[in-house]
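Undergrad: Sharing a structure with you now.
The values are calculated or read from the model by the stated rules, or taken from the named source; none is laboratory data. Because the structure is predicted, anything quoted here is derived from the model rather than measured. Glycine also receives a Cβ, built like all others from the backbone with ideal geometry; neighbour counts cover every protein chain displayed. Side chains are part of the model used for accessible areas, which takes the heavy atoms of the whole protein and leaves out ligands, DNA and RNA. Shrake-Rupley method; radii C 1.70, N 1.55, O 1.52, S 1.80 Å.
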Amino acid sequence: MKDIAFSIICWYNNNKRNLKFRSFRDPYKIWLSEVMLQQTQVSTMLPYYSNWLKKYPNINSVISTPYDDILKNWEGLGYYNRCLNFYKALNIVHNNYNGIVPKDYNDFIKLPGVGEYTAAAVLSISYNKKIVLIDGNVRRVFSRYLGIVRLTKYNISKMKNFLYRLLLTTNSGIFNQAIMEIGALVCTRYNPKCNSCPLKTNCKAYLRKSPYSYPEKKIMKKLKVKHFFAIILKSKGKFLIIKSKKNLYKGLWHLPMIETDNVETFKIKLKLIFNKKLLFSKKHPLIKSGELIHNLTHFKLRISFYRLDCNYFSTKDKYIKWISISEIDRYSFPKLFFKSLKFIYA
């Protein structure tokens, strides 16, 4: 077991990518990197990571900043609940753990947004805790190495036990990162570079010349399409945005948007939202501006955009604002909003 771990670590030391977050052992900075990397490619995440640390180098700098400002720095990275959970978790760390990220697995995993993978990554890399880390890359590498076809609970448990025995012989943080790097650079889903792999000598998939057989491919489900209508309300050189209180874009600003596939239902619900302040007439017709498809991880949004040049109305609702194009930088928006700018400008 020690020889296997040694080969993996040697390969990593000679071949790893020079990524900024790997130069840290500060659990806050490691934790941030893992949160940002969820459902996000490294190349996309890196500039956000660097910019964040320039503004918020430690936990105190985050929790002393209003959440709306924090969210603005996450804008464009997507999966915004990650940001909210991270913000909540850091406040708990400050209040309950004297600002020190807990070393105990059971304490850490109870924090908002922390799951098994995040806990294993942060605690093993920062504190050298002997915790097995399993992500998609690790599952693929050791499914091939051990000859595991189906990722059943039993087989995952078998994999974890094997990895734990390897962990006991070396630095767990470096080892966990090394396995993920092998999966990212060598034991890839497509076109694996088997001849360059430090595990090839005893890899069952390599010996059987069938890496694509491990693990078996999941049947991809067709993404469900959700239909929405969005309205661009224009008046006096401004347009109206609302701040989401829940669900998909909680805490973010966007155009008023309603899930429905019927334009008449859309009109009725709009009047309810704005207390019947909107009038649809020949003088103020609802004009279709266009349509777009926005892909998310588990479903697609099909959004029909309509424009209404209306009479200006004031509002005391803090979740509703009239803004001009020049004021966009003051608010946090999802990517979808920036896609819709072409309809706003029209």
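Undergrad: Carbon and sulfur: what percent of the stretch 125-253's accessible surface (1.4 Å probe)?
TA: 53 percent
Undergrad: Another question, then. Round to a whole angstrom and tell me the spacing of the C-alpha centers of the stretch 198-264 and the stretch 147-168.
TA: Centre-to-centre (Cα) distance: 30 Å.
Undergrad: Moving to a separate point now. Suppose R0 equals 25 Å; then what is the FRET efficiency for Leu292 and Lys72 from their Cβ-Cβ distance, rounded to the nearest 0.05? Provide the component values of the computation, followed by the final result.
TA: Numbers: r = 24 Å, r/R0 = 0.95.
Efficiency, from the Cβ-Cβ distance: 0.60.
Undergrad: So, one more: Near Asn191, within a Cβ-to-Cβ distance under 14 Å, what is the net charge of the other residues, with Lys and Arg +1 and Asp and Glu -1? Write down the numbers at each step before the final one.
TA: Working: positive: Arg140, Arg144, Arg189, Lys193; negative: none.
Once all neighbours under 14 Å are counted, the net charge is +4.
Undergrad: Hey, with R₀ at 30 Å, roughly what FRET efficiency would Thr260 and Asn91 work out to, going by the Cβ-Cβ distance, to 0.05?
TA: Working from the Cβ atoms, E equals 0.20.
Undergrad: Aspartates and glutamates near Lys200 by alpha-carbon distance under 15 Å, same-chain residues fewer than 8 away left out - which ones?
TA: Within reach: Asp3.
Undergrad: Which entries in Lys222/Lys250; Lys55/Lys335; Lys243/Lys318; Lys226/Lys318 show an alpha-carbon gap greater than 20 Å? All intermediate terms of the calculation are to be shown ahead of the outcome.
TA: Values: Lys222/Lys250 26 Å; Lys55/Lys335 22 Å; Lys243/Lys318 8 Å; Lys226/Lys318 28 Å.
In this structure, Lys222/Lys250; Lys55/Lys335; Lys226/Lys318 lie more than 20 Å apart at Cα.
Undergrad: Let me ask something else about it. So if R0 is 30 Å, what FRET efficiency would Asp317 and Lys54 give, r being the distance between their Cβ atoms, rounded to the nearest 0.05? Don't skip to the end; give the middle numbers.
TA: On the way: r = 35 Å, r/R0 = 1.15.
Efficiency, rounded to the nearest 0.05: 0.30.
Undergrad: How about Lys204: which lysines have a C-alpha closer than 20 Å to its C-alpha, ignoring those fewer than 8 places off in the same chain?
TA: Lys2, Lys158, Lys160, Lys193, Lys217
Undergrad: Label Glu216 and Thr40 with points 7 Å out from Cα along Cα→Cβ: what is the distance between them in nm?
TA: 3.6 nm
Undergrad: Can you compute the equivalent ellipsoid semi-axes for the stretch 202-267, i.e. the square root of 5 times each eigenvalue of the Cα gyration tensor, sorted largest first and rounded to whole Å?
TA: Values: eigenvalues 475, 51, 20 Å².
So the three semi-axes of the stretch 202-267 are 49, 16, 10 Å.
Undergrad: Can you give the net charge of the other residues whose Cβ lies under 13 Å from the Cβ of Asp26, counting K and R as +1 and D and E as -1?
TA: +3
Undergrad: Hey, another quick one. What 222 nm value per residue comes from the helices of the chain, counting each DSSP H run with n ≥ 4 as -39,500 (n - 2.57) and dividing by all residues, nearest 500 deg cm²/dmol?
TA: Roughly -12500 deg cm²/dmol at 222 nm, from the helical runs in the chain.
Undergrad: Let me ask something else about it. Quick check: with the 1.4 Å probe, what order do Phe6, Phe162, Phe338 take by accessible area, largest first?
TA: Reading off the accessible areas and sorting them downward yields Phe6, Phe338, Phe162.
Undergrad: Moving on to the next point. Test of understanding: what is the full-extension gain from Glu116 to Val149, defined as 0.36 nm times their sequence separation minus their Cα-Cα distance? All intermediate terms of the calculation are to be shown ahead of the outcome.
TA: On the way: separation 33, 0.36 × 33 = 11.88 nm, distance 2.29 nm.
Separation in residues times 0.36 nm, less the Cα-Cα distance, equals 9.6 nm.
Undergrad: Something else: Among 286-293, 128-135, how do they line up from the highest to the lowest mean number of other beta-carbon atoms within 10 Å?
TA: Details: 286-293: 13.5, 128-135: 18.9.
My ranking of the peptides, most packed first, is 128-135, 286-293.
Undergrad: Per residue, how large is the accessible surface of the chain? Use a 1.4 angstrom probe and give square angstrom.
TA: Working: 18730 Å² over 346 residues.
Accessible area per residue, the chain: 54 Å².
Undergrad: At a 1.4 Å probe radius, which order do Lys221, Lys318, Lys226 fall into by accessible area, largest first?
TA: From most accessible down to least: Lys221, Lys318, Lys226.
Undergrad: Of all accessible surface on the stretch 1-60 at a 1.4 Å probe, what whole percent is carbon and sulfur?
TA: 49 percent
Undergrad: Evaluate the distance, in nm, between pseudo-label points positioned 7 Å from the Cα of Thr169 and of Ser326 along their respective Cα→Cβ axes.
TA: About 6.7 nm, to one decimal.
Undergrad: Ignoring everything but the protein chains, give the 1.4 Å probe accessible area of Val186 in square angstrom, nearest 10.
TA: Using a 1.4 Å probe on the heavy atoms, I get roughly 10 Å².
Undergrad: Once label points are set 7 Å from the Cα along Cα→Cβ at both Lys226 and Asn161, what is their separation, rounded to one decimal in nm?
TA: With each label placed 7 Å out from Cα toward Cβ, I get 4.2 nm.
Undergrad: How big is the dipole moment of the chain about its Cα centre under a simple scheme where the beta carbon of each Lys and Arg is +1, that of each Asp and Glu is -1, and everything else is neutral? Debye, nearest 20, please.
TA: Once rounded to the nearest 20, the dipole reads 980 debye.
Undergrad: Tell me, in nm to one decimal, what length is gained between Asn275 and Phe24 on full extension, where the rule is 0.36 nm per residue of separation less the Cα-Cα distance?
TA: Taking Asn275 through Phe24 to full extension adds about 85.1 nm, to one decimal.
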